[in-house]
Amino acid sequence: MEAQPASQPEARNYAADQRPGHYFIALLPSSDLTEEVRALQQEFADRFHASRALRLPPHLTLQPPFFLVPGRLEAFTGRLAAYFGARQPLALELDGFGSFSHPRQPVIFIQPRPHAGLLALYLGLAGLMREAGEAGLVPRSQPVRDWHPHLTLAYRDLKPAAFGAAWAEFRHRAFRRRMEVSSAWLLTREKERWVPRRDFPFHN
């Protein structure tokens with residue numbers, strides 16, 4: 001399921017330095033793999049006029065976007081550091097391309113093979129987010145149903161006609177790489193782009 005933007009927090013009179021920031025949590029590929037994914041995203045921009053994915057670093061989403069006020073950031077990131085610091089590194093096998101054929105917003109992505117460790121990582125983080133919501137650190141949210149891990153190549157500005165042409169080709173293209181994962185990242189939105197803010201190393 002493609003991550004949807006978080007809803008705005010309740011209207012409040014925040015001081016300028018306490019306005020909620022916009023964040024999400026993801027796994028980022030190595031620099032070499034990032035270059036390969038970027039090249040594919042650029043291909044979609046050049047050939048299919050779908051460039052929106054270039055606004056984000058290549059990533060695999062663990063927690064869709066949410067809001068957090070600065071005063072709660074330290075307590076929240078402390079929980080993330082403890083959680084991810086107890087996890088073991090993962091080796092994901094990327095194997096081909098997949099798609100979501102939403103009528104208005106189709107998506108094409110790189111898909112990893114099913115991995116029990118990755119699913120456990122996601123479910124544990126979903127539990128952390130639920131507890132953080134109950135503690136008032138982040139807005140309460142529901143875990144994503146039918147979580148489908150992926151690295152997006154083209155989404156919101158991929159028109160249905162272009163999707164049909166692209167998917168007819170990419171569904172048959174081969175792409176097999178290993179994605180070594182030894183940390184998770186908290187990304188924040190700055191203007192129109194998402195940028196990595198802090199990494200949380202796994203246990204070595």
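Quick notes on this one:
- Failed criterion for Ala50 (all others in (1) part of a helix (DSSP H, G or I); (2) small (Gly, Ala, Ser); (3) touching a helix residue (DSSP H, G or I) at 6+ places or on another chain (Cβ under 7 Å) hold): (1)
- Residue list for the stretch 153-167, restricted to those being part of a loop (DSSP other than H, G, I, E, B) and open to solvent by less than 20 Å² (accessible area, probe 1.4 Å): Leu158
- Any chance Phe170 is modelled with pLDDT of 95 or more, of a type in the set (A, V, I, L, M, F, W, C) and either open to solvent by 40 Å² or more (accessible area, probe 1.4 Å) or within 19 Å of Phe48 (Cα to Cα) (or both): yes
- Complete set of residues in the stretch 173-204 that are in contact with a helix residue (DSSP H, G or I) (Cβ under 9 Å, 6 or more places away or on another chain), under 18 Å from Ala53 (Cβ atoms) and open to solvent by 40 Å² or more (accessible area, probe 1.4 Å): Arg177, Glu192, Arg193
The values are calculated or read from the model by the stated rules, or taken from the named source; none is laboratory data. Treat the numbers as computed from the prediction; the structure is a model and nothing was measured. FYI the Cβ positions are ideal-geometry reconstructions off the backbone, even for glycines, and counts take in every protein chain you see. For accessibility, only protein heavy atoms count, side chains too; no ligands or nucleic acids. Shrake-Rupley method; radii C 1.70, N 1.55, O 1.52, S 1.80 Å.
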